[in-house]
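Working notes, beginning with the structure itself.
The values are calculated or read from the model by the stated rules, or taken from the named source; none is laboratory data. Because the structure is a prediction, the values reported are computed rather than measured. No Cβ is skipped: glycine too gets one built from the backbone with ideal geometry, and neighbour counts run over all protein chains shown. Note: accessible area is taken over every heavy atom of the protein model, side chains too, but ligands, DNA and RNA are not part of it. Shrake-Rupley method; radii C 1.70, N 1.55, O 1.52, S 1.80 Å.
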Amino acid sequence: MKRSPYFQDAPVNYLFQEMIEKRKAFQKNNKTASLISLGIGDTTQPLPPFVSQTMKDYATKLSTKEGYSGYGDEEGCKPLREKIASAVYKDLVFSDEIFISDGAKCDIGRLQVLFSKDAKIGIENPSYPPYKESTLLYRGKEHLIELNLHEDTDFAFDFKQAEYADIIFICSPHNPTGHVRHKKELEEIVSFAQKQNKIIIFDSAYSFFIQDDLPRSIYEIPHAKEVAIELGSFSKIAGFSGLRLGWTVVPKELSQIHKDWKRITSTFFNGASSIVQQAGLAALQPEGLKEVDRSIQYYLKNTRILKEACTNQGWKVRGGKNSPYLWVHIPGKDSSWELFNHFLEKMHLIITPGVGFGSNGEGYIRISGFGQREDVLEAAQRIQSQ
Ligand code: PLP
């Protein structure tokens, strides 16, 4: 078997495995300790009953002769595309520019096929790992351009490094730092991309967490449709991480790329589950949106509780206001794993070491607000009693 040489460039990310092993070892020696995880980036609130009832009804219909349907359109069912265009994008994009997927992560992988094999891919450091990992697996490390993000420069976009990239991944609200890019910053990035002929891939998976007057989509920026693709997901905004539903917007202004993306989705993908697409449609109805907002407010409150506890300790805390993540540094502790051990041993809390998201995450931890309220309150108490 001739193995792809790129597997050598993309060693398995051991971050979560190492966290699990450390947790197990700790539990073995501390059998009575009650551990609370603030490390998860997964949702915990149940699905709105309205959404699950829609799935039940649709599934029942599928078992009737009249209600049965097989394959749907590869790009997703029209009513859902229309609903995303109106409810999420306020008609800034057209429904036929939206391609429904089985999740943003899957599309991050498929997007690699869209561009020439020798394209250079700009990835923020730190960032959500699949951007980097898919680049390494598909084209190798010499095609990776790291765009540095630093807390002390307010996570300013790295225009200098971006000069070397053809394709640029940007995430806002950002995983893991919780930073949200302002309109002016995005205007500068779009103008840079126009002048320098770059393509932006804007990941908006956490857009519904934005409560302030900040851009939820790159398409709020003039001319963005000429340079940007946008990824969206129902996972974090509506609790669909297990159901699997997302989308990618490829504007018609990107004419050849639009056609090529259509080709890729019809070749690599046969459409998202029809039942789950009905659930997505339900989540975007006024009744569904009310429930979606209730969950978002719940997670944001969790994040505020944790932020206050960390701030009261004199720790440096970023994010958390329009995002479910806190990016925390404790003065005097410069290693992410040292911080992980400190939280585990002294507070019996599990957090995510920032270095797992890239070398610039060293010295930081990511704390997630996606937990249950009672756990969050207990965790805040443990932090404050330090
Ligand atoms: N994009 C970002 C920034 C994420 O943090 C995540 C999940 O953690 C995803 C995408 C994955 O989305 P999905 O569940 O739709 O694949």
Using a Gaussian network for the chain with springs between C-alpha atoms less than 10 Å apart, which of these wobbles most: HIS348, HIS182, HIS329? HIS182
Report the extension gain between LYS31 and ASN197 in nm, rounded to one decimal, defined as 0.36 nm multiplied by the number of residues separating them, less their alpha carbon distance. 54.0 nm
In Å², and per residue, what accessible area does region 296-355 have when probed at 1.4 Å with the other protein chains present? 37 Å²
Cross-link table LYS198/LYS252; LYS198/LYS236; LYS236/LYS290, entries beyond 19 Å C-alpha to C-alpha: LYS198/LYS236
Per-residue HN-Hα couplings for region 219-233 [Karplus 6.51, -1.76, 1.60; θ = phi - 60°; Hz; x = Gly/Pro]: 6, 6, 9, x, 6, 4, 5, 7, 9, 10, 9, 10, 9, x, 8
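Could you tell me what percent of the DSSP beta bridges with both partners in the chain are antiparallel, to the nearest 5?
In the chain, approximately 50 percent of DSSP beta bridges are antiparallel ones.
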Computed ³J(HN,Hα) along region 283-288: with the Karplus parameters 6.51/-1.76/1.60, θ = phi - 60°, integer Hz and x for glycine or proline, the list is 5, 9, 6, x, 5, x
Keeping the other protein chains in place, figure out the carbon and sulfur percent of the accessible area of region 49-287, with a 1.4 Å probe. 52 percent
Mean projected area (nm²) of the alpha-carbon convex hull when region 137-198 is viewed from all directions: 4.8 nm²
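To the nearest 0.05, how large is the calculated FRET efficiency for ASN270 and GLU362 if R₀ is 45 Å and r is the Cβ-Cβ distance?
Once rounded, the FRET efficiency stands at 0.60.
Give me the net charge of PHE115's neighbourhood, meaning all other residues with Cβ under 12 Å from the Cβ of PHE115; Lys, Arg count +1, Asp, Glu -1.
Overall, the nearby charge balance is +2.
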Reduced Cα scattering model of region 1-156, Debye log10 I(q)/I(0), q = 0.19 Å⁻¹: -1.25
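Per DSSP H run of n ≥ 4, the term is -39500 (n - 2.57); total these for the chain, divide by its residue number, and report the mean residue ellipticity at 222 nm rounded to 500 deg cm²/dmol.
Working: 13 runs with 145 residues, N = 386.
Rounded to the nearest 500, it is -11500 deg cm²/dmol.
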Going by amide H atoms built from the backbone, whose H comes under 5 Å of the H on ILE168, apart from near neighbours? GLY122, ILE199, ILE200, ILE201
In a Gaussian network model over the chain where Cα atoms closer than 10 Å are linked, find which of ASP213, ASP118, ASP102 has the largest mean-square fluctuation. ASP213
Can you give the extra length, in nm with one decimal, that the chain gains between ASN341 and ASP212 once fully stretched, where that is 0.36 nm per residue apart less the Cα-Cα distance? 43.0 nm
Of the residues ILE200, ILE36, ILE367, which exhibits the maximal mean-square fluctuation in a Gaussian network model of the chain defined by a 10 Å Cα contact cut-off? ILE36
Once you have the alpha carbon radius of gyration of region 49-287, what is it after dividing by 2.2 N^0.38 Å, with N set to its residue count? 1.02
For LEU147, what residues show an amide H to amide H distance below 5 Å, using hydrogens built from the backbone and excluding near sequence neighbours? ILE123, GLU124, ASN125
Scan the chain and hand back the longest stretch that contains none of the GluC sites (Glu not before Pro) lying in DSSP loops with at most 13 other Cβ atoms within 10 Å. 164-386
Scalar couplings 3J(HN,Hα) for region 41-58 by Karplus 6.51 cos²θ - 1.76 cosθ + 1.60 (θ = phi - 60°), nearest whole Hz, x for Gly and Pro, are x, 9, 6, 10, 6, x, 5, x, x, 4, 6, 5, 5, 4, 5, 4, 4, 5
Normalised by the residues of region 49-287, what does the relative contact order come to in percent, with Cα pairs under 8 Å and at least six apart? 27 percent
Inter-label distance for LYS290 and HIS182, nm, one decimal - labels placed 7 Å from Cα along Cα-to-Cβ: 3.7 nm
For region 49-287: accessible area per residue (Å², 1.4 Å): 42 Å²
